[in-house]
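These notes concern the structure reproduced below.
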Amino acid sequence: MPDVFFERHVPHLVDLMFDLVNDLEDYPRFLPNVKDMQVKRDDGAKGDVRYAKMTIQFGPISQAYTSKVVADKANHTITATSNDGPFAYLNSKWTFESEGTGTRIRLDIDFKIANPLIAAVAESAFAAKQEQVMDAFVDEADRRFGD
């Protein structure tokens, strides 16, 4: 049931930031706890729609889940929805908005872990990890595009 929200200003252009977050295949290289990402394009869908199977690992525990990812470059949004793996549901939305000479990035994630026993322990930890995800994207943008 947690709904977490993060935002940052970065000194990089909105299209660069959109493309960085939309580069799903590269996530395992720089995102904490992401061990694998398999992406398949939905050729029958209108627009940029993909299915991404992400494997995350926390210590000895590994879990995979699949999200439907819809990237809308014209509106600078990327949404992902999942209802498998450990999640009863997971909805996330990235929004990118030009701000001065950079970009305001917003990440809103609403989720619920399906197993109530695991949820009691893991939901707050998973929510806290999402700030590290935002930070990892900002750090990767600085590495790719310069400070």
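The values are calculated or read from the model by the stated rules, or taken from the named source; none is laboratory data. Just so you know, these numbers come straight off a predicted model, no measurement behind them. Note: ideal-geometry Cβ built from the backbone for every residue, glycine included; neighbour counts use all protein chains shown.
Here are the numbers for this structure:
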{"item": "Test: residue in the stretch 38-52 that is over 18 Å from Asn22 (Cα atoms) and at pLDDT below 95", "result": "yes"}
{"item": "Qualifying positions in the stretch 59-71 - under 20 Å from Phe30 (Cβ atoms) and either buried (at least 18 other Cβ atoms within 10 Å of the Cβ) or charged (D, E, K, R) (or both)", "result": "Ser67, Val69, Ala71"}
{"item": "Any pair with Cβ under 8 angstrom, 6 or more apart, that starts in the stretch 46-60 at a residue that is closer than 19 Å to Asn33 by Cα and ends at one that is hydroxyl-bearing (Ser, Thr, Tyr) and outside any strand (DSSP E or B)", "result": "Met54/Tyr27"}
{"item": "Residue within the stretch 46-58 that is farther than 20 Å from Ala127 by Cβ, surrounded by 14 or more Cβ atoms within 10 Å (Cβ to Cβ) and small (Gly, Ala, Ser) present", "result": "yes"}
{"item": "Enumerated strands (runs of 3 or more DSSP E) restricted to the stretch 56-147, each holding at least 3 residues that are among the hydroxyl-bearing types (Ser, Thr, Tyr) and farther than 26 Å from Val14 by Cβ", "result": "61-72"}
{"item": "Every residue from the stretch 1-21 that is within 17 Å of Asp108 (Cβ to Cβ) and either part of a helix (DSSP H, G or I) or among the basic types (Lys, Arg) (or both)", "result": "Arg8, Met17, Phe18, Val21"}
{"item": "Filter result for the condition that a residue is loosely packed, with under 14 Cβ neighbours inside 10 Å and hydroxyl-bearing (Ser, Thr, Tyr), over Thr95, Thr101, Thr81", "result": "Thr101"}
{"item": "Selection count where residues are in contact with an Asp or Glu (Cβ under 9 Å, 6 or more places away or on another chain) and either exposed (fewer than 13 other Cβ atoms within 10 Å of the Cβ) or small (Gly, Ala, Ser) (or both), scope the stretch 128-147", "result": "0"}
{"item": "Qualifying residue in the stretch 53-62 (condition: in contact with a Leu (Cβ under 8 Å, 6 or more places away or on another chain), modelled with pLDDT of 95 or more and not small (Gly, Ala, Ser))", "result": "no"}
{"item": "Considering residues of the stretch 85-125 that are of a type in the set (D, E, K, R), at pLDDT 90 or above and farther than 14 Å from Phe5 by Cα only, the residue nearest to the chain's Cα centre (by Cα)", "result": "Glu97"}
